[in-house]
Amino acid sequence: MKTLLAAMAFTCLALTATAEPLVLPLWPDGPPMSKGTGEGHDPTLTVYLPDEATGVGVVVCPGGGYGNLAVDHEGQQIAEWLNEAGIAAFVLRYRHAPDYGHPVPLMDAQRAVRTVRANAGDWKVDPARIGMIGFSAGGHLTATAATQPQGGDLGAADPIEWASAALNFAILGYPVITMTDPYTHKGSRKNLLGENPDDDMITRMSAEKNVDEETPPIFIVHTTEDQSVPVQNALMLYEACVQHGVPAELHVYEKGRHGLGLGGGDPAFATWPDRCLDWLRARAILK
């Protein structure tokens, strides 16, 4: 009963969302596998609703190597850009190292998707047009959510858990994809999987090895010049999508450092957001 009342209160809060973004706890009763309280221990979802809704909803996963979160240029700025296109955006502050590794970040991401789907009516989101966008390590989290979908648990006491965590599409910005050498981002792998993960875990958490025919459509942007996360990460995922017949679009820019967000002052790389919206329209996701 306590959980149900908390969920009802959560929905009532959602109805009050206006121009000011609303920050909501992912678990009103406290997150599972918690090691403490306060910042870094209590994952949240910040709700950005557009003035004119198109029915599309996107969970936003900032990067940070699974050790911190770039919530400005890979979170808030992304949400504001999505709102301008009529897309509801939900910036996720997920748990990460040094206190949390796998499976906690994925658990938080899946809970975020369930939360959006459970509140779809209140937030004017079509439950069949919910995606995720992630950058760098947030791109890995997004790719993992896309390739390891979870359905709803109708037997759960918490009504939010009844909703599916499966994505309808994914958008990846200069993403970490593989956990295998030589192309993995070693800092992200260490923070997520520990110092010496076994081969089975490396395979399970390498998104390119988990693509199948059920993987949702994916848009990927990267740069050849990226010195932090090699472009081979994007190429490996794209190749896996092609092999399995998954609709995918890849844009590789010659120039551009890692972590540019929407463009970071680079006039060439700054064209990718428009290409992404074109892709969403071409797939009839953004109508």
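The values are calculated or read from the model by the stated rules, or taken from the named source; none is laboratory data. Just so we're clear, the structure is a prediction, and the values are computed from it rather than from any experiment. Using ideal geometry, Cβ is built from the backbone for each residue, glycine included, and neighbour counts are taken over all protein chains shown.
Per-structure values
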| quantity | calculated |
| --- | --- |
| Exclusive hit being more than 19 Å from GLY65 (Cβ to Cβ) and either out of contact with any strand residue (DSSP E or B) (no Cβ under 6 Å at 6 or more places or on another chain) or of a type in the set (A, V, I, L, M, F, W, C) (or both), set ALA145, ALA166 | ALA166 |
| For GLU161: the one exception among (1) crowded, with 23+ Cβ neighbours inside 10 Å; (2) part of a helix (DSSP H, G or I); (3) out of contact with any helix residue (DSSP H, G or I) (no Cβ under 6 Å at 6 or more places or on another chain) | (1) |
| Failed criterion for ASN83 (all others in (1) over 23 Å from PRO273 (Cβ atoms); (2) of a type outside the set (D, E, K, R); (3) over 13 Å from the mean Cα position of the chain (by Cα) hold) | (1) |
| Failed item in (1) out of contact with any Phe, Trp or Tyr (no Cβ under 7 Å at 6 or more places or on another chain); (2) farther than 30 Å from LEU286 by Cβ, with LEU154 passing the rest | (1) |
| Sole residue being touching a strand residue (DSSP E or B) at 6+ places or on another chain (Cβ under 7 Å), crowded, with 19+ Cβ neighbours inside 10 Å, assigned to a loop (DSSP other than H, G, I, E, B) and not hydrophobic (A, V, I, L, M, F, W, C), chosen from GLY63, GLY138, GLY75 | GLY63 |
| Selection from region 271-287 of residues that are within 13 Å of THR223 (Cα to Cα) and within 20 Å of the chain's Cα centre (by Cα) | TRP272 |
| Selection count where residues are at pLDDT 50 or above and within 26 Å of PRO103 (Cα to Cα), scope region 1-41 | 19 |
| Residue match in region 68-89 (condition: closer than 25 Å to MET205 by Cα and aromatic (Phe, Trp, Tyr)) | no |
| Unmet criterion (only one of (1) surrounded by fewer than 19 Cβ atoms within 10 Å (Cβ to Cβ); (2) part of a helix (DSSP H, G or I); (3) among the β-branched types (Val, Ile, Thr)) for THR180 | (2) |
| Qualifying residue in region 93-115 (condition: more than 14 Å from the chain's Cα centre (by Cα), crowded, with 18+ Cβ neighbours inside 10 Å, within 23 Å of ALA284 (Cα to Cα) and among the aliphatic types (A, V, I, L, M)) | no |
| Flag if GLY57 is at positive phi, at pLDDT 80 or above and surrounded by 11 or more Cβ atoms within 10 Å (Cβ to Cβ) | no |
| Matching residues in region 39-53 - criterion: being surrounded by 16 or more Cβ atoms within 10 Å (Cβ to Cβ) and either charged (D, E, K, R) or in a loop (DSSP other than H, G, I, E, B) (or both) | GLY40, ASP42, PRO43, LEU49, PRO50, ALA53 |
| Candidates PRO175, PRO273, PRO217, PRO267, filtered to the one that is closer than 30 Å to GLU84 by Cβ and in contact with a Pro (Cβ under 8 Å, 6 or more places away or on another chain) | PRO217 |
| Residues located in region 164-177, provided they are among the small types (Gly, Ala, Ser), within 12 Å of the chain's Cα centre (by Cα) and in a loop (DSSP other than H, G, I, E, B) | ALA165, ALA166 |
| Helices (runs of 4 or more DSSP H) wholly inside region 192-287 containing at least 2 residues that are out of contact with any His (no Cβ under 6 Å at 6 or more places or on another chain) and within 18 Å of ASP181 (Cβ to Cβ) | 199-204, 232-243 |
| Index of the failed condition, ALA120 passing every other in (1) of a type in the set (A, V, I, L, M, F, W, C); (2) in contact with an Asp or Glu (Cβ under 8 Å, 6 or more places away or on another chain); (3) assigned to a strand (DSSP E or B) | (3) |
